[in-house]
1. For segment A:147-166, which residues satisfy the criterion of being under 23 Å from the mean Cα position of the chain (by Cα) and not aromatic (F, W, Y)?
2. Determine whether B:R180 is without any contact (Cβ under 8 Å) to a residue 24 or more places away in the chain, under 27 Å from B:S334 (Cβ atoms) and not polar (S, T, N, Q).
3. Quick test of your reading of the structure: B:D392 fulfils all but one of (1) surrounded by fewer than 24 Cβ atoms within 10 Å (Cβ to Cβ); (2) modelled with pLDDT of 95 or more. Name the failing condition by number.
4. Could you check segment B:234-257 and list, in sequence order, the residues that are in a loop (DSSP other than H, G, I, E, B) and either touching a residue at least 40 places away in the same chain (Cβ under 8 Å) or away from chain A (no Cβ under 11 Å) (or both)?
5. Need the failing condition index for A:V189 against (1) in contact (Cβ under 8 Å) with a residue 40 or more places away in the chain; (2) buried (at least 21 other Cβ atoms within 10 Å of the Cβ), just the number.
6. Please tell me if A:K349 is away from chain B (no Cβ under 14 Å) and either at pLDDT below 95 or not in a loop (DSSP other than H, G, I, E, B) (or both).
7. Which condition number does B:R180 fail, the rest of (1) crowded, with 18+ Cβ neighbours inside 10 Å; (2) within 14 Å of chain A (Cβ to nearest Cβ); (3) at pLDDT 95 or above; (4) not in a helix (DSSP H, G or I) being met?
8. For the condition at the interface with chain B (Cβ under 9 Å from one of its Cβ atoms), at pLDDT 95 or above and closer than 24 Å to A:Y313 by Cβ, what is the one hit in A:R453, A:R415, A:R458?
Amino acid sequence: MVGIVSYGAYIPLRRLSTGPQTERAVANWDEDSLTMAVAAAIDCLKNIDRKSIDGLYFATTTPPYGEKLAATTAAWAADLPRDILTADITDSLRAGTGALKIAIDTVKAGSAKNLLVTASDLRMGGGGMDTGFGDGAAGFLIGDKDVIATIEGSHSLSNELLDVWRASGVKNVRSWEDRFVFEEGYLKVLPQAVKTLMEKSNLSAKDITKAVFYGPDLRRHRQMAGILGFKPEQVQEPFFDKLGNTGASFVLMMLVAALEDSKPGDTILLAGYGDGADVLLFKVTDKVKNIKDKWGVKRSLASKMLMRSQDEYRAYRDFAATDPEKFGGASASVIARERDAIYALHGVKCLTCGTVQYPPQRICTQCHTKDNFTPYSFADKKGKVFTFTLKNGADIPAFARPGVDTMVDFEGGGRALFGMTDMIAEKVKVGMDVEMSFRTLGVGGGIHNYFWRCMPPRESWLGKETK
Amino acid sequence: MESIKDKVAIIGMGCTKFGENWEKSADDMLVDSASEACEDAGIEMKDIQAVWFGSTRINTAEPCAAALKLDYVPVTRVENLCATATEALRNACFAVASGVYDIVLAIGVEKLKDQGMGGLGTVSGAGGNGTMEWGISAAMFFARMATRYMAHYGMTYEEFKQVLAKISVKNHHNGSLNPRAHFQREITEEMAINAPMVSWPLGLYDACGVSDGSAAAILCRADMAKKFRDDYVLVKGLGLAVGARQGYLQPSYDMVHMEETVRAGQQAYTMAGIKDPFKEIDLAEVHDCFTITEMVITEDLGFCPRGKGPEYVKAGTFKLDGKLAVNPDGGLKSFGHPIGASGLRMIYEIYKQMQGKAGPRQRKNPTLGLTHNFGMNPGSGIGSVTILGQRD
């Protein structure tokens, strides 16, 4: 039986207030759709042997490159095997459900056994449109063993319509007038696709335990629940007031939340919208009880830092949008040569004396044995700040000063230098705990320079309202 | 292994004014320092048989030969980051000691103020060829040591900054007595403590400035030095130790000392036959690129016990009139750090002090002096120590 084997999610730490008691999740200035996807992938693969993964699909409308696969970078950062299937599925709000559907079919066809689907978006909109947007990512492992939710049926519908779109090379999403967008698009097309699948499956609304469906905003989402005939308790909470509309990853993040609350035997309907609709039907199995230690959606939402101002968020996004071709950047050949060290955060462990070290060395720093190492991953290791400095220099954009530069000692050995992220600079101390997070250091010469930073454990933000 | 002790003599030295020498090119400064050194030694430029030329920004030897209009003599350009000028002298010493050359020139120059930058970046700080995040400014690298020093010895930020301020005040005082220094104004502890932060916990007055400058030394075999002058100065010991990133790779490295300085000091002390540096050495020019660096160096070189730097600083031990004057000429704090010239600028002060020509900064009858440089970063650097002494 093919279906979902595991799930994971990533929601950036920062929240921007959108009104009394409402907020949206926004990415830090060193995050993009790819880094968030990596974090969700890592959450999804917790307690799962990464060597068993044989494919990765990355769904987004905001890929880092126009030509250059992001799925390969994500696979490298998540430390997946090399002989795997990778693809980016892009250019539509429906990319998330599309990727899920294609992954299920890939496994059904026998082309892969354990296929990771990541969906992530960091969208911008003009004229206040993006006040409803949020940033975040979801990950699903699709396979045919130990399935926690089996695929019971699906239906897709393609619809040619310019309702919400973004032209190539343009930053902001735009849309046609509201009445056209909703009445000729969303409110018309999604019910049609759902109805077809329900009829095909001999199901009626009352047979669905939880309905997970796209909504452009809270009002239309509620309207859709009525059209589809679901009672409020059947409808998955869409998190407009906590997370925001995360684009291609939106319904997948809601699906993570639905699975978090699910019981064996539940029937979950998933409906994605954008240039048509994808509807998928899942049945939850006993194995769902085995899922543990996930950040998922609920815990991620509960660990947050409130941003100081809208202006600060603007500065983040303006920084990310500065002409990427303008400055000299990292060398493509260096990145290629050192991609295990840079993207997978691999150091080495000396097979003679056991000393772990980062970055990889040819001659052991301790026993001086030459070329006798095995790779050693630091990405999942916890560490402590051995020393640090607060930097006010030109390598940090003004809005992010002071930056924090650290020397980290890892549990299990090894020491290395990292920038720190998602911290409150004034609270950084020698000896504090840190964990690692995949980030972008910036763009130069058209090259995104991805690397790891350390940060206070995400756990430490749980249940706090910190500014 | 043989010691270099008493085999090589310094018979002439020159040093330009350090500072924002807008009206001087690197060539101008090379001519100025080399001419002063030749005149001081009583020789002419054509008497020089070989040259060791230190610079980090000029990366070949030819500009030095061209500036000085040397007559097809060998010129070797040396570079060893902040120890570059000392490296020129060190290699020149070995050539003289071998007997291959009789009279040689060690010279260093740096023209930083043509580069349009306000502060020194690092030439080798970015890890993974620019793909990793190892930091880009010298202040960051030394601030790591400062933060660790506070944590290691349980000092509060306020206690710590007060000690660093005293080092800054001392060096600026010494610099105020030196017409060749870039900065010749006294500062107060309050100014140092309240200065804008560069890289926490290091502020503006914890850092040295960016300057232009050049310094030069004429060397000959010790047995022929008397032909040139009576008050020549002898090279007693030379030490150089280069780190292999032990501090970056090994969690056992404490980051409150610079092993390269310790090792270079041991090498030089052994050559010079020094048993107790604090008792035997009268004055030391050390690499105060940051105030924390000076304090740790005094511990690394055995001028005070480990962790006792703050006590010694508070007691005034290293002041101009203290037991062991550290940076009597004002140090990098007052001179700035034209990288390729700094080591020879330090040696210039020791040389003048030995000859009793240090003016208002003159120490009483110094017999043994030390210079020290530290390049790159705590955790992995270049330590360089030179011991100089009066002739018997």
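1. Within segment A:147-166, the subset under 23 Å from the mean Cα position of the chain (by Cα) is A:147-151, A:164-166.
Those that are under 23 Å from the mean Cα position of the chain (by Cα) and not aromatic (F, W, Y): A:V147, A:I148, A:A149, A:T150, A:I151, A:V164, A:R166.
2. Details: without any contact (Cβ under 8 Å) to a residue 24 or more places away in the chain: no; under 27 Å from B:S334 (Cβ atoms): yes; not polar (S, T, N, Q): yes.
Considered against the rule, which asks whether it is without any contact (Cβ under 8 Å) to a residue 24 or more places away in the chain, under 27 Å from B:S334 (Cβ atoms) and not polar (S, T, N, Q), B:R180 comes out as no.
3. Answer for B:D392: the failing condition is (2).
4. The initial filter retains those residues of segment B:234-257 that are in a loop (DSSP other than H, G, I, E, B), namely B:243-245, B:250-257.
Within segment B:234-257, B:G243, B:A244, B:R245, B:Y253, B:D254, B:M255, B:V256, B:H257 meet the criteria.
5. Failing condition for A:V189: (2).
6. Details: away from chain B (no Cβ under 14 Å): no; either at pLDDT below 95 or not in a loop (DSSP other than H, G, I, E, B) (or both): yes.
The answer is no for A:K349.
7. Result: B:R180 passes all but (2).
8. Numbers: A:R415 fails: closer than 24 Å to A:Y313 by Cβ; A:R458 fails: at the interface with chain B (Cβ under 9 Å from one of its Cβ atoms).
It is A:R453.
The values are calculated or read from the model by the stated rules, or taken from the named source; none is laboratory data. Predicted model, so just to flag it, every value in this text is computed and none were measured. FYI the Cβ positions are ideal-geometry reconstructions off the backbone, even for glycines, and counts take in every protein chain you see.
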